[in-house]
1. Out of the residues in the stretch 22-40 that are of a type outside the set (S, T, N, Q) and under 15 Å from P9 (Cα atoms), state the one that is farthest from the chain's Cα centre (by Cα).
2. If you check every pair at least six apart or on different chains, which have Cβ atoms under 9 Å apart with a residue in the stretch 19-43 that is in contact (Cβ under 8 Å) with a residue 40 or more places away in the chain first and a residue that is assigned to a loop (DSSP other than H, G, I, E, B) and crowded, with 16+ Cβ neighbours inside 10 Å second?
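Read-outs throughout are calculated quantities, based only on the coordinates presented, and are distinct from any laboratory measurement. These numbers come from a predicted model, not from an experiment. Quick reminder, even Gly has a Cβ in these numbers, built from the backbone with ideal geometry, and neighbours come from all protein chains shown.
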Amino acid sequence: MIDLTKLTPKEKEVLRKLVLYTCEGCFKDESEVGTLEVHRLKRNHQGGIYHLRNIKILCKKCHDLYHQNEMSNCRSR
C-alpha cells in the first residue's frame with residue numbers, strides 16, 4: 001500500500017520537475033529561490049494527502065507565507 005502522507009525524495013523530484021522547477025507562488029525559478037518544497041493545501045490532520053489536486057510546489061518563502069496565512073485564518077475564527 002502506498003502511504004500518501006509522506007513523499008520520497010524521488011517523488012519530490014518528480015513533482016518539482018512537473019512544475020518545471022518554478023515556484024507556483026511567486027513563479028521564480030528554483031535556481032533563484034532554492035529547492036522547492038511540497039505544500040499540502042488540506043493538511044494531514046484534516047485528511048489531506050499528497051495528491052495533485054491537494055498540493056502546491058513552492059519556494060521556502062512562499063511556503064512560509066501559506067502557513068502564516070493559515071495560522072492567521074485560524075486565529076480570526
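1. Filtering first and then ranking leaves L36.
2. Pairs that qualify, where the first residue is in contact (Cβ under 8 Å) with a residue 40 or more places away in the chain and the partner is assigned to a loop (DSSP other than H, G, I, E, B) and crowded, with 16+ Cβ neighbours inside 10 Å, are G25/C59.
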